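Each remark here refers to the structure printed beneath this line.
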Amino acid sequence: MSERWLETLHDAYGQTFTVDKIYFESKTEHQHLMIFDNAMFGRVMVLDGVVQTTEKDEFIYHEMLTHVPLLAHGAAKRVLIIGGGDGGMLREVCRHSTVEHVTQVEIDQAVIDMCREYLPNHSNGAFDDPRVNIVIEDGIKFVTETDEKFDVIISDCTDPIGPGEVLFTSTFYDGCQHCLNAGGILVAQNGVVFMQPDEVSTTTRRLGSVFDDTTFYSAAIPTYIGGIMTFAWGSDNPAYRQLDLETLRQRYQQANLQTRYYNPEIHQAAFALPQYVLNIIQQAETR
Ligand code: SAM
């Protein structure tokens, strides 16, 4: 009988996985990293007791956090990824032949190293793409100090605990605004709203004071338990969110992406939010 691993993200509720084989488990310079095999989800990567990604359902998260901003923007050449050490986001960004440069700022080299070795399908060679520049640094330091400019920024960070906490601050969002080109878009992982509603209200307030057009879009990823995960959206161009379906369809066709979750209809539908989420946003805006 395999041992079971219990996720400790929530005190009163959690998911367990059978651990069929442990590939790696150690304290890195920044966090506790574990990669193990599970009969249902394949290889699972965990940081500080929280599921980060699994082979089986990672495509949903990585496709939605990449193709929504890139196809909405329509002409992004320079992309910045904060976090994303497993390489799944980088793989999806590199599938856009129109992207000329990607900088990825990851705080923990060990995550990249171990994921390249034990989750090779996540990056699928993207770390060796000539357009890619990997920077091992705290994301908040990079965005507040760099003089580089980007068209799309994707914050693919852990939850706001430990090293990821700073990536949910006003200083971080100000820094992102500072290194976005005119017409740039910031998207960020923003938690499973039913379980972490405060992340939506906090980000609403903080992002709202930095960008003219802020909202959330969503997708349900099975191993981010508790329902839909929200993705924060910030830009100064509301027109991106008014794009008609035909335009999205043309851009999707042109990009030739062969996705497994993303499609233009889901792109549009993802911005439709349940009433309880809209209520959280409205309450945060009026406080
Ligand atoms: N999909 C996951 C989620 O939604 O929680 C995120 C996955 S990805 C592995 C998270 C990455 O963020 C990790 O590689 C972690 O090392 C990195 N990270 C955490 N804090 C960071 C920071 N301050 N600067 C840069 N990278 C950071």
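The values are calculated or read from the model by the stated rules, or taken from the named source; none is laboratory data. Everything quoted here is computed from the prediction, not taken from an experiment. Cβ sites come from the backbone with ideal geometry, for glycine too, and all protein chains shown count toward neighbours.
Just to check your reading of the model, which residue among HIS96, HIS73, HIS101 is over 24 Å from GLY175 (Cα atoms) and away from the ligand (no atom under 15 Å from the Cβ)?
Numbers: HIS73 fails: over 24 Å from GLY175 (Cα atoms); HIS101 fails: over 24 Å from GLY175 (Cα atoms).
Result: HIS96 is the single residue among HIS96, HIS73, HIS101 that is over 24 Å from GLY175 (Cα atoms) and away from the ligand (no atom under 15 Å from the Cβ).
Which residue pairs have Cβ atoms closer than 6 Å, lie 6 or more positions apart in sequence or on different chains, and pair a first residue in region 160-174 that is more than 10 Å from the ligand (Cβ to nearest atom) with a second residue that is β-branched (Val, Ile, Thr)?
From region 160-174, the pairs are TYR173/VAL210; ASP174/VAL210.
I want to confirm something. Restricting to region 128-165 and keeping residues that are surrounded by fewer than 17 Cβ atoms within 10 Å (Cβ to Cβ) and assigned to a helix (DSSP H, G or I), which single residue is nearest to the chain's Cα centre (by Cα)?
Only one residue tops the list, namely GLU165.
If I filter region 82-122 down to residues being touching a Lys or Arg at 6+ places or on another chain (Cβ under 6 Å) and aliphatic (A, V, I, L, M), which single residue comes out as surrounded by the most Cβ atoms within 10 Å (Cβ to Cβ)?
LEU119
Among the residues of region 136-146, is any more than 9 Å from the ligand (Cβ to nearest atom) and among the acidic types (Asp, Glu)?
yes
Taking region 42-69 as the region of interest, how many residues are under 14 Å from the mean Cα position of the chain (by Cα), aliphatic (A, V, I, L, M) and either closer than 25 Å to GLN242 by Cβ or more than 9 Å from the ligand (Cβ to nearest atom) (or both)?
4
With respect to GLY139, determine if the residue is touching a strand residue (DSSP E or B) at 6+ places or on another chain (Cβ under 6 Å) and closer than 20 Å to GLY85 by Cα. Before the answer, list the steps.
Values: touching a strand residue (DSSP E or B) at 6+ places or on another chain (Cβ under 6 Å): yes; closer than 20 Å to GLY85 by Cα: yes.
The answer is yes for GLY139.
For every residue, the table says whether it meets (1) assigned to a helix (DSSP H, G or I); (2) modelled with pLDDT under 95; (3) near the ligand (Cβ under 9 Å from one of its atoms); (4) farther than 21 Å from ARG260 by Cβ.
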position: ILE82; (1), (2), (3), (4): no, no, yes, yes
position: ASP86; (1), (2), (3), (4): no, no, yes, no
position: GLU92; (1), (2), (3), (4): yes, no, no, no
position: ASP113; (1), (2), (3), (4): yes, no, no, yes
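Does any residue of region 167-190 turn out to be touching a helix residue (DSSP H, G or I) at 6+ places or on another chain (Cβ under 6 Å) and surrounded by fewer than 18 Cβ atoms within 10 Å (Cβ to Cβ)?
Here is the first cut: in region 167-190, the ones touching a helix residue (DSSP H, G or I) at 6+ places or on another chain (Cβ under 6 Å) are 167, 170, 172-173, 175-176, 179, 185-187, 190.
Applying the additional criterion that residues be surrounded by fewer than 18 Cβ atoms within 10 Å (Cβ to Cβ) yields 170.
Yes; the residues of region 167-190 include at least one that is touching a helix residue (DSSP H, G or I) at 6+ places or on another chain (Cβ under 6 Å) and surrounded by fewer than 18 Cβ atoms within 10 Å (Cβ to Cβ).
State which residue pairs qualify: first residue closer than 14 Å to HIS122 by Cβ and in a loop (DSSP other than H, G, I, E, B) and inside region 40-55, second residue of a type in the set (A, V, I, L, M, F, W, C) and within 10 Å of the ligand (Cβ to nearest atom) in any location, beta carbons under 6 Å apart, and separation of 6 or more residues or different chains.
Pairs that qualify, where the first residue is closer than 14 Å to HIS122 by Cβ and in a loop (DSSP other than H, G, I, E, B) and the partner is of a type in the set (A, V, I, L, M, F, W, C) and within 10 Å of the ligand (Cβ to nearest atom): there are none.
Going by what's in this entry, would ASP213 be described as among the charged types (D, E, K, R), more than 15 Å from the ligand (Cβ to nearest atom) and touching a Ser or Thr at 6+ places or on another chain (Cβ under 8 Å)?
yes
Out of curiosity, is VAL79 closer than 21 Å to GLY183 by Cβ and surrounded by 21 or more Cβ atoms within 10 Å (Cβ to Cβ)?
The answer is yes for VAL79.
Tell me which residues, restricted to region 1-25, are over 21 Å from GLY227 (Cα atoms), at pLDDT 95 or above and of a type in the set (S, T, N, Q).
THR18
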